[in-house]
Amino acid sequence: MNQLLKHSVSLKVAVVAALILAGPAFAAGSDPGKPVAEPAARDIRVQVVAETSATIGAPMAGRLSQFPLKDGERFTQGQVLARFFCAEKEGALGHARALLEGKRQVFSNRQKLHNLGSSSDVEFSVAEAELQEAAADLQTAQAMVDACVVVAPFAGRVAGIFTHNFQFVGAGAPLLEILSDKDLDLELIVPSLWLTWLKPGMPFDVAIDETGQTYAAKIIRLSGKVDAISRSIKIYGKINNPADALLPGMSGRALLSPPATAAAAP
């Protein structure tokens, strides 16, 4: 009985002591009027990314007859990136053109007879509908032939190859990855508290590890949301005069720090 009483008293003493020690910290953390401390100045990791990039997929299933580019090579807008064997589709296109020409002549003849009163309205309408159907078939055949050639949507550089010439690929299969290496952006994550002074257009310097050079840059936009868990936000920047040595995927340090007034705030 005495041991149980001693154990109970000891437990109460320990709890009271813990509450006394935790009291100041609890009170400081629960004060809604106390501002959160501004993060100190620091180097922020930054990554170079291409503003425009795409993975080009096969528009059709078939065998490649032309796949000229290699990884790292440059291309111009409209240049052929890939070409498929399409003899069958080209034959279907020729057939559709001939069929349309025949339907056009039939319609022209029916139209003349209809104007002379020698053809019924039904015969004229049927000829007109058949002409429209042949025109639609030609449009479909032309689209299938157009899909045999893949052209570059913009000027840039090959960043990855996923197939080879003369290989058979399925519709939608990735062919190559392309990007524009002349229009580069910067991505970095900063404390969300910096939103009190960090605005689009603000200049900063960025030191790229791979080149060993420092470049002048500016903030161009902020992400649309803050990460509530890490209390951070992604921001985007752009180097003012990008050098040819810069490549997407390079990384470095964004030399950003709060203004003196913000850093000194209580």
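Some observations on this one:
- Search result, residues across the range 190-212 that are over 19 Å from ALA50 (Cβ atoms) and either in contact with a helix residue (DSSP H, G or I) (Cβ under 6 Å, 6 or more places away or on another chain) or not in a loop (DSSP other than H, G, I, E, B) (or both): VAL190, PRO191, SER192, LEU193, TRP194, LEU195, THR196, TRP197, PRO203, PHE204, ASP205, ALA207
- Residue within the range 144-158 that is under 23 Å from the mean Cα position of the chain (by Cα), part of a loop (DSSP other than H, G, I, E, B) and loosely packed, with under 13 Cβ neighbours inside 10 Å present: no
- Against the list (1) within 30 Å of SER232 (Cα to Cα); (2) not in a strand (DSSP E or B), the condition HIS164 fails is (1).
- Selection from the range 217-233 of residues that are out of contact with any Lys or Arg (no Cβ under 9 Å at 6 or more places or on another chain) and assigned to a strand (DSSP E or B): ARG221, SER232
- Selected residue (criterion: nearest to GLU177 (Cα to Cα)) from residues of the range 224-251 that are of a type in the set (Lys, Arg) and surrounded by 10 or more Cβ atoms within 10 Å (Cβ to Cβ): LYS238
- Residue in the range 55-75 that is under 30 Å from GLY249 (Cβ atoms), of a type in the set (S, T, N, Q) and not in a helix (DSSP H, G or I) present: yes
- Selection within the range 92-142 - touching a Ser or Thr at 6+ places or on another chain (Cβ under 6 Å) and either aliphatic (A, V, I, L, M) or not assigned by TED's automatic domain parsing to the domain that holds MET60 (or both): LEU113
- Given (1) surrounded by 13 or more Cβ atoms within 10 Å (Cβ to Cβ); (2) more than 30 Å from ALA216 (Cβ to Cβ); (3) at pLDDT below 95, index of the condition LEU193 fails: (2)
- Residue in the range 127-137 that is surrounded by 13 or more Cβ atoms within 10 Å (Cβ to Cβ) and in contact with a His (Cβ under 6 Å, 6 or more places away or on another chain) present: no
- From the list LEU100, LEU175, LEU81, the one residue that fits, being part of a helix (DSSP H, G or I) and touching a residue at least 24 places away in the same chain (Cβ under 8 Å), is LEU100.
- Pairs with Cβ under 6 Å, 6+ apart, first in the range 250-265 and in the same structural domain as LEU198 (by TED's automatic domain parsing) and more than 9 Å from VAL206 (Cα to Cα), second at pLDDT below 80 and assigned to a strand (DSSP E or B): none
The values are calculated or read from the model by the stated rules, or taken from the named source; none is laboratory data. On a predicted model such as this, the values are computed, not experimentally measured, just so you know. Here the Cβ is made from the backbone with ideal geometry for all residues, glycine too, and neighbour counts use every protein chain on show.
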